[in-house]
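Colleague: Mind having a look at this structure? Questions to follow.
Please treat every number below as a calculation from the coordinates, not as lab data. Note that the structure is predicted; figures quoted are calculated from it, not measured. Every residue, glycine as well, gets a Cβ built from its backbone with ideal geometry; the counts of neighbours run over all protein chains shown.
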Amino acid sequence: MQIEVLKSKIHRIKVTDCNLDYVGSITLDKLYMQQVNLIEGEKVQILNINNGERFETYIMEGEEGSGDVILNGPAARKVQTGDIIIVVSYATMDFEEARTFRPTIIFPIA
């Protein structure tokens, strides 16, 4: 049996910009991506702490060390610059593997 489990989470990170006139996605600083094992093009769920919005998009790699957390395209309508969000990715794996799997989670805002 295959199940979907939490793979990676950036818990409470501040949106640095919104860009409506873009194809769409979330741009994340490469360092954040490395810290939680995310790759460019990976599907993620965005949870907006400020307004309760929940939506899916994909990741674009931002400049390393930039601190970028930019919502682009239609996703830019779901957040505002300064909002606090959670970025979540999931993985599908065998039930027995999932029993021992531990997700990678970071907490950028203290």
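Colleague: Nearest 500 deg cm²/dmol is fine: what mean residue ellipticity at 222 nm does the chain get from its DSSP H runs of n ≥ 4 alone, each adding -39,500 (n - 2.57), divided by its residue count?
Modeller: -2500 deg cm²/dmol
Colleague: Right, something else. What is the chain's relative contact order, in percent, from Cα pairs under 8 angstrom and six or more apart in sequence?
Modeller: After rounding, I find 48 percent.
Colleague: What size of dipole, in debye to the nearest 20, comes out for the chain about its Cα centre when the only charges are +1 on Lys and Arg C-beta atoms and -1 on Asp and Glu C-beta atoms?
Modeller: Roughly 420 debye for the chain.
Colleague: Binning every alpha carbon pair distance of the chain at 10 Å from zero, what are the percents per bin?
Modeller: Taking all Cα pairs of the chain, the binned fractions are 15, 48, 27, 9, 0 percent.
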